[in-house]
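Colleague: Input: one structure, supplied below.
The values are calculated or read from the model by the stated rules, or taken from the named source; none is laboratory data. None of the values given here were measured: they were computed from a predicted structure. Every residue, glycine as well, gets a Cβ built from its backbone with ideal geometry; the counts of neighbours run over all protein chains shown. Calculation scope for accessible area: heavy atoms of the full protein, side chains included, ligands and nucleic acids excluded. Shrake-Rupley method; radii C 1.70, N 1.55, O 1.52, S 1.80 Å.
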Amino acid sequence: MSLNLSHIDAWIFDLDDTLYPREQGVMTLVQARINAFMIDAVGLPEPEAKVLQKQFLNEHGTTLAGLMANYAIDAETFLREVHDVPLDSLEPSPRMAGALTRLPGRRFVLTNGARFHAARVTERIGIAGLFDGVFAIEDMDLTPKPAPSTFRRFLEHFAIDPHRAIFFEDTPRNLAPAKALGMTTVLVGDGHGHEIGDWIDARTPDLLSFLEHLSLRDAA
């Protein structure tokens, strides 16, 4: 890892498939709930509903945003139904808690997920009390990443200087507006097969190894 992060005083993390490994399967459960909600909301057979859902993701950033733009749905009902999944597969991580604690500066979660989902996930991992702020889809007025306006709202809300901030995220396109605003950007994972462009400063297979490397360096 060759990044110079001596200037960083704001550490920003996506939630799902970033603060915990994708292999733990939480988003698979959430996606199944989204698929079921989508089929019911649009009244289409499953294959056609899946095509439409992908279109919503590409055009609006989330299934919810696409549904709200095209159908009369209740956002609160959607968020509750799709995120209320069992977290049995999500493993507590004292190592992650330790790595986060050792970071110099403030720590934040920036997620397109619901606020209660972020609370449940961070509590389950054992890191709930380690963040200076959580910015969820409700705080975005339901306008998800990668909307530049959402990043600006987040930065203003917590008085963060983007040139002194680093953002960790598993979806490549969500890193582009962060980079445009001046943040250092790190892609966690393989990018899910999406384009990985020059707006990404560094890549890591998993967040924990990246942070532990930093912690060891900074402690030396």
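Colleague: Being in contact (Cβ under 8 Å) with a residue 60 or more places away in the chain and either open to solvent by 80 Å² or more (accessible area, probe 1.4 Å) or more than 23 Å from L207 (Cα to Cα) (or both) is the filter here, so list the residues in the range 65-113 that pass it.
Modeller: Correct list: A65, M68, A75, E91, R95, R102, R106.
Colleague: For T150, are the conditions met, namely being of a type in the set (S, T, Y), under 23 Å from T63 (Cβ atoms) and in contact (Cβ under 8 Å) with a residue 40 or more places away in the chain?
Modeller: No.
Colleague: Looking only at the range 132-155, which residues are open to solvent by 40 Å² or more (accessible area, probe 1.4 Å) and either of a type in the set (A, V, I, L, M, F, W, C) or part of a helix (DSSP H, G or I) (or both)?
Modeller: Residues satisfying the conditions are V134, L142, P148, S149, R152, R153.
Colleague: Right, something else. Checking G61 against (1) under 16 Å from the mean Cα position of the chain (by Cα); (2) at pLDDT 95 or above, only one condition comes out false. Which one?
Modeller: All conditions pass for G61, except number (2).
Colleague: I would also like to ask the following. Got a number for residues in the range 138-160 being over 25 Å from D74 (Cβ atoms) and either of a type in the set (D, E, K, R) or at pLDDT below 95 (or both)?
Modeller: Here the count works out to 2.
Colleague: In addition: Open to solvent by less than 80 Å² (accessible area, probe 1.4 Å) and touching a Pro at 6+ places or on another chain (Cβ under 6 Å), is that true of T62?
Modeller: yes
Colleague: Condition check: assigned to a loop (DSSP other than H, G, I, E, B), in contact with a helix residue (DSSP H, G or I) (Cβ under 7 Å, 6 or more places away or on another chain) and among the acidic types (D, E). Does E91 satisfy that?
Modeller: Yes.
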